[in-house]
1. GNM on chain A, C-alpha springs below 10 Å: top fluctuator among A:SER377, A:SER396, A:SER92?
2. Answer with one residue from B:ILE250, A:GLN393, A:SER215: the one whose Cα lies farthest towards the positive end of the charge dipole of the protein assembly as shown, charges on Cβ with Lys, Arg +1 and Asp, Glu -1.
3. Work out the mean other chain Cβ neighbour count within 10 Å for the residues of A:402-415 and drop it here as an integer.
4. Can you work out the Karplus-derived ³J(HN,Hα) for every residue in segment B:83-97? Use 6.51 cos²θ - 1.76 cosθ + 1.60 with θ = phi - 60°, whole Hz, and x for glycine or proline.
5. Quick one: 3J(HN,Hα) in Hz for segment A:348-357, Karplus 6.51/-1.76/1.60 with θ = phi - 60°, rounded, Gly and Pro as x.
6. Relative to the Cα centre, what is the charge dipole magnitude of segment A:143-185, using +1 at the beta carbon of each Lys and Arg, -1 at the beta carbon of each Asp and Glu, and rounding to the nearest 20 debye?
7. Quick one: among B:ALA295, B:ALA118, B:ALA270, which has the greatest mean-square fluctuation in a GNM of chain B with alpha-carbon springs under 10 angstrom?
8. Using every alpha carbon pair in the protein assembly as shown, what percent of pairs falls into each 10 Å bin from 0 up to the bin containing the largest distance?
Amino acid sequence: MSRKKLSRRQFVAATAMSSAALITAPYVRSANAAGKLNIGFWDHWVPGANKASTDLVNEWAAKEKVEVTIDYIPSQGNKNLLTIAAEAQAKSGHDILAMPTWWPHAQADLLEPMNDVVEALIKQNGDVNGTVKYLGKAGDKWLAVPACIGSQIKGPCSRIDLMKQHAGIDVQAMYPAGQEPKADAWTTDNFLKAAEACHKGGVPFGIGLGETSDSVDTVGAFFLAFGAEVVNAKGDVVVKNDNVRQVLEYYKKLMSFLPSDAPAWDDGSNNRWLVSGKGALIMNPPSAWAVAKRDAPQIAEQCWTHGFPVGPKGRFAPYLPYFWTAWNFGKNKPAAKSLLTHLSQPAAVEKCVAASGGYDLPAFEKLTTLKTWAEESPPKGTLYHYPNPHNHQKLSISAAGAPPKVAQQIYTQATLTKMCVRYYRGEAMDKTLSWAQSELEGFMRS
Amino acid sequence: MVDVAVERNSAAPAQKARKRVTLRTALKRKSTAAFLMTLPLILLISLLVIYPAFYSLHLATLNKSMQRFVGLGNFQFLFTRETFWLVVQQSCIFAITAVIFKALIGFIVAHFVHNIPAKGQRKWRGMLLVPWVIPPAMSTLAWLWLFDPSYSAFNYLLAGVGVDRIPWTGETGWARFSVILVNIWVGAPFFMIMYLASLKSVPDQLYEAAAIDGANWWQRIWYVTLPMMRNIIAITTLFSLIVTFANFDIVRILTAGGPLDHTHIFATWAFRIGIEGGDIPLGASVSLFMIPILAIAAVFILRDINKRGNEA
């Protein structure tokens with residue numbers, strides 16, 4: 001038996017070819033998706049919600065023969081934002097990474113286009129709202145896939161009994177479960193009257209005026225309701241206008257009926273306000289109600305989640321979508337897209353919504369009438385209007401309208417809240433507007 | 001020619017031998033051994049401190065999207081921002097006030113502890129160090145609950161004696177007071193323990209001599225204790241000034257820079273701009289702004305120490 005001798009050149013050539021083959025196609029096992037997939041999901045507040053997403057991923061991984069690892073990254077302490085920044089700098093990281101609100105735009109140059117995934121999902125599940133397009137799309141490029149997990153509306157959660165007793169408002173009649181809202185009288189003026197009545201009754205509305213997200217979202221929705229634009233779509237600073245003056249006057253009145261320590265509130269303060277029974281209304285997704293259900297059931301029984309009051313320029317509710325993204329330097333983009341499609345199927349969305357107790361909101365219009373929201377209790381139907389099933393209000397985000405990278409600065413620096421607090425504390429209107437103008441001009445850096 | 005060649009050949013091994021001897025001697029030197037022993041730490045510091053420091057310098061010279069070199073443009077931009085000057089002012093108020101009070105309280109408590117009989121002193125030293133050894137992130141959370149806007153334990157106690165509730169973190173002045181108070185609480189034990197060590201090294205004979213000369217309590221402090229502790233006071237002050245200027249956790253947890261940015265210090269504002277706002281170059285520029293301030297302080301304090309060292 002003859003044995004062919006391998007020369008040194010042949011050995012080197014064979015090694016190089018094998019290495020090249022391994023490097024260029026390390027994970028491909030099929031035409032669609034395979035190999036390894038490293039996922040960074042948002043760590044859900046609601047106990048048990050992470051398990052639903054893990055199950056969905058495992059179900060897909062078993063079918064597609066992909067090895068998956070999932071990291072649940074908390075937003076407490078901005079760990080998720082630190083992860084995004086670190087991975088963007090290192091050009092290495094998770095194949096799928098959950099990003100909140102502004103971050104797809106902030107990292108737009110580093111993200112894999114998702115047009116093929118999102119356009120197919122829109123055909124299947126219906127269109128997405130304007131805020132999702134504003135935050136998730138740059139020109140014609142979809143930067144990310146709208147995620148159900150973590151997306152939320154921060155609308156009013158009212159105490160049925162206290163609103164009836166002090167403000168004479170029946171929130172259940174205004175927003176009946178299973179029916180269209182009958183909320184024409186729920187205007188910003190009546191909201192102010194109700195705030196005053198509840199303040200007099202010793203159960204003030206719990207609206208924060210700090211620099212964290214909840215405070216910024218609420219004030220942003222009122223600015224939009226008054227048509228108060230501070231930076232327009234072209235990126236021009238237009239803060240010195242009558243609508244801004246009008247909303248500052250309105251907020252000054254409203255602030256006098258809020259707890260005096262509201263400027264120091266963080267995102268937990270309003271939850272505690274509701275759960276402790278001290279207030280008649282807060283602006284929050286159903287997480288506060290869910291905590292009340294566990295810790296103070298008698299209060300949870302009186303909670304009703306509903307829509308925002310309508311202002312001179314419309315009815316707007318703060319909507320904060322989460323997105324799933326894939327870096328353009330990711331190693332397994334086909335698998336990432338395949339999984340994101342799987343996670344956005346109606347059955348998967350329904351599981352996530354149920355596991356989160358109705359907290360998670362799908363962005364697609366055909367998925368806003370799931371039975372979880374209709375059935376959650378106590379009281380039954382308390383979450384029916386949470387996902388805006390009748391398109392009763394326009395879902396928006398604070399500072400929307402300005403180019404997203406400028407709006408992100410307005411949002412992060414809580415410029416609108418600061419304007420309200422400055423004016424409320426006695427600063428002259430012109431001085432507040434000049435301060436805001438200077439701040440906004442500083443956000444135009446590119 | 002031959003002789004020369006022979007001489008050259010014979011010189012080479014001699015040189016090698018000399019080199020070997022030199023290397024052996026160098027290795028035997030205490031300074032070389034010390035250098036080699038500290039080399040791992042030097043490498044670690046280079047990797048974890050010097051590299052990030054230079055990297056942040058590089059970042060500070062880029063535009064917001066990090067695609068263009070802008071030189072000192074970020075610093076020029078910062079100088080035009082009202083909030084930046086507010087942060088500079090607040091950082092100075094925060095650091096200087098906190099260090100002064102930490103030094104004062106540390107000095108007084110060190111004297112008390114020094115005068116406790118040796119038998120019970122260890123117990124007191126241990127207890128007084130507790131605020132310093134607890135991770136500030138944890139202890140500040142406890143303070144956060146004490147200062148909570150709606151459910152402050154302090155306000156509950158004040159209400160018990162008929163005093164109005166205080167907006168600990170809601171009003172500018174009170175919020176500044178609160179963050180400084182917590183910083184003093186965390187940092188004073190460090191001063192205390194350093195001053196205590198220094199006090200113990202002051203020879204008793206000096207106090208005896210002062211007593212014979214008729215010095216009173218104040219004169220003993222002024223003419224004996226303070227001169228003997230000057231260097232340790234200076235070093236401790238410098239060290240604490242650096243750490244306090246660079247503080248992050250206390251402000252971040254208690255007020256997150258609010259209300260109206262009036263408690264932001266360099267590190268928290270850099271985080272707000274760089275990480276939360278997605279403008280990493282500007283955030284890096286804010287954090288680098290601490291360096292010249294601290295460098296000036298270090299030069300003044302260390303120059304003074306050097307002068308006294310020469311006098312000695």
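Bear in mind these aren't lab numbers, they're just calculated from the coordinates by the rules spelled out. Worth saying up front: this structure is predicted, and the values here are computed from it rather than measured. A quick note on method: Cβ atoms are made from the backbone with ideal geometry, for glycine too, and the neighbour counts reach across all protein chains shown.
1. Looking only at A:SER377, A:SER396, A:SER92, the biggest GNM fluctuation is shown by A:SER92.
2. Going by the Cα projections, it comes out as B:ILE250.
3. Mean shielding count: 3.
4. 5, 4, 5, 5, 5, 4, 4, 5, 4, 5, 4, 4, 5, 5, 4
5. Values, residue by residue: 5, 4, 4, 4, 5, 4, 5, 5, 8, x Hz.
6. 140 debye
7. Among B:ALA295, B:ALA118, B:ALA270, the largest GNM mean-square fluctuation belongs to B:ALA118.
8. Calculated P(r), rounded to whole percents: 2, 11, 19, 21, 17, 12, 8, 5, 3, 1, 0, 0, 0.
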